[in-house]
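The values are calculated or read from the model by the stated rules, or taken from the named source; none is laboratory data. Given the structure is predicted, the values throughout are model-derived calculations rather than measurements. A quick note on method: Cβ atoms are made from the backbone with ideal geometry, for glycine too, and the neighbour counts reach across all protein chains shown. For accessibility, only protein heavy atoms count, side chains too; no ligands or nucleic acids. Shrake-Rupley method; radii C 1.70, N 1.55, O 1.52, S 1.80 Å.
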Amino acid sequence: MEVQQFAVIGMGRFGSSLARELMELGHQVLGIDKSEEAIEEIADDITHAVVADATDEEVLRSLGIRNFDCVIIGIGDNIQTSILVSIQVKELGVKKVVCKALSELHGRVLERLGVDRIVYPERDMGIRMAHHLVSPNLVDYIELSKDYTIAELSVPQCLDGVSLKALDSRGRFGCSIVALNKPNGDVIIAPTADDVLATNDVMVMIGKNQQIEEFEEDMMY
């Protein structure tokens with residue numbers, strides 16, 4: 001994996017967590033925040049951490065912000081500042097800009113500014129929690145679009161020993177099992193019809209939201 005350079009602006013809960021995880025994944029990370037306390041707290045965990053005002057174009061220029069592969073704006077308490085910083089980094093020619101949005105309106109403004117990706121951490125966490133509460137076998141899921149989802153589902157006792165051929169999830173429901181995660185850490189990519197499910201395996205499924213919901217309702221309980 002190629003090492004990338006990331007700059008994270010705003011060392012709140014979202015920004016600091018993201019910065020640390022990027023470091024864990026082997027990349028180089030610059031953390032920027034106007035709070036000395038926030039920078040001191042993360043300084044030992046990332047490549048570089050600086051106290052700076054990201055709304056100042058000259059400051060960003062001096063940090064070489066345009067040379068980073070991606071800049072993430074995680075400012076979480078001031079929409080105006082978030083928008084201003086987004087304008088600055090886009091005008092400085094950053095290749096990829098990701099920005100945390102506090103509301104749908106904030107997100108639409110960022111979209112019009114040309115921000116490459118907009119994330120809604122609080123909204124997405126609420127949606128994720130709702131899915132977990134209503135689907136006990138759901139381990140995790142990724143929303144690919146409004147209609148399509150990748151879902152990780154624990155294999156229940158009722159499907160123990162059932163082959164993928166017998167399950168026929170694609171023929172019966174239209175969704176496909178693209179991987180099986182075994183409890184011992186083994187992963188079967190693109191399992192065949194002869195592979196057999198076992199309790200506590202995790203099925204990685206892809207399909208339309210409705211197809212996966214129907215699969216859960218008919219097969220998991």
Note to self: Can you find a residue that is over 27 Å from the mean Cα position of the chain (by Cα) and assigned to a loop (DSSP other than H, G, I, E, B) anywhere in segment 57-78?
What the structure shows: no
Residue hits (segment 47-63; out of contact with any strand residue (DSSP E or B) (no Cβ under 8 Å at 6 or more places or on another chain), surrounded by fewer than 18 Cβ atoms within 10 Å (Cβ to Cβ) and not polar (S, T, N, Q)) are Asp53, Asp56, Glu57, Glu58, Val59, Arg61
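Identify all residues within segment 64-77 that are of a type outside the set (Val, Ile, Thr) and open to solvent by less than 60 Å² (accessible area, probe 1.4 Å); write none if there are none. Spell out how you get there, then give the answer.
Looking only at segment 64-77, we keep the residues that are of a type outside the set (Val, Ile, Thr), and these are 64, 66-70, 74, 76-77.
The answer is Gly64, Phe68, Asp69, Cys70, Gly74, Gly76.
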The condition from (1) open to solvent by 20 Å² or more (accessible area, probe 1.4 Å); (2) outside any loop (DSSP other than H, G, I, E, B) that Asp44 misses is numbered (2)
Exception for Gln211 within (1) open to solvent by 60 Å² or more (accessible area, probe 1.4 Å); (2) farther than 14 Å from Pro156 by Cα; (3) part of a helix (DSSP H, G or I); (4) not aromatic (Phe, Trp, Tyr) falls at (1)
Subset of segment 1-12, residues open to solvent by 30 Å² or more (accessible area, probe 1.4 Å) and either among the β-branched types (Val, Ile, Thr) or touching a helix residue (DSSP H, G or I) at 6+ places or on another chain (Cβ under 9 Å) (or both), comes to Val3, Gln4, Gln5, Gly12
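Within segment 85-94, identify whether any single residue is in contact with an Asp or Glu (Cβ under 6 Å, 6 or more places away or on another chain) and either among the β-branched types (Val, Ile, Thr) or open to solvent by 10 Å² or more (accessible area, probe 1.4 Å) (or both), and answer yes or no. Steps first, please.
From segment 85-94, those in contact with an Asp or Glu (Cβ under 6 Å, 6 or more places away or on another chain) are 88; that's our starting set.
Now narrow it down to the ones that are either among the β-branched types (Val, Ile, Thr) or open to solvent by 10 Å² or more (accessible area, probe 1.4 Å) (or both): 88.
So far as segment 85-94 goes, yes, one or more of its residues are in contact with an Asp or Glu (Cβ under 6 Å, 6 or more places away or on another chain) and either among the β-branched types (Val, Ile, Thr) or open to solvent by 10 Å² or more (accessible area, probe 1.4 Å) (or both).
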Over segment 193-208, the set of residues in a loop (DSSP other than H, G, I, E, B) and either charged (D, E, K, R) or in contact with a helix residue (DSSP H, G or I) (Cβ under 7 Å, 6 or more places away or on another chain) (or both) is Ala193, Asp194, Asp195, Leu197, Thr199, Asp201
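Of these, Ser35, Ser82, Ser103, which one is out of contact with any Gly (no Cβ under 7 Å at 6 or more places or on another chain) and over 16 Å from Val8 (Cβ atoms)? Break it down stepwise before answering.
Numbers: Ser35 fails: over 16 Å from Val8 (Cβ atoms); Ser82 fails: over 16 Å from Val8 (Cβ atoms).
Criteria check complete, one pass: Ser103.
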Q.
Take Leu25 and tell me if it is open to solvent by 40 Å² or more (accessible area, probe 1.4 Å), out of contact with any helix residue (DSSP H, G or I) (no Cβ under 7 Å at 6 or more places or on another chain) and farther than 21 Å from Val89 by Cβ.
A. yes
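How many residues are of a type outside the set (A, V, I, L, M) and within 12 Å of Met219 (Cβ to Cβ) if we restrict to segment 158-172? Even if it seems obvious, please write down each step before you answer.
Here is the first cut: in segment 158-172, the residues of a type outside the set (A, V, I, L, M) are 158, 160-161, 163, 165, 168-172.
Checking the rest, the ones that are also within 12 Å of Met219 (Cβ to Cβ) come to 158, 168-169, 172.
Qualifying residue count for the region: 4.
Could you please find all residues in segment 180-197 being open to solvent by less than 60 Å² (accessible area, probe 1.4 Å) and more than 11 Å from Leu164 (Cα to Cα)?
Keep residues of segment 180-197 that are open to solvent by less than 60 Å² (accessible area, probe 1.4 Å), which gives 180-182, 185, 188, 191, 193, 195, 197.
Scanning segment 180-197 gives Asn181, Lys182, Gly185, Ile188.
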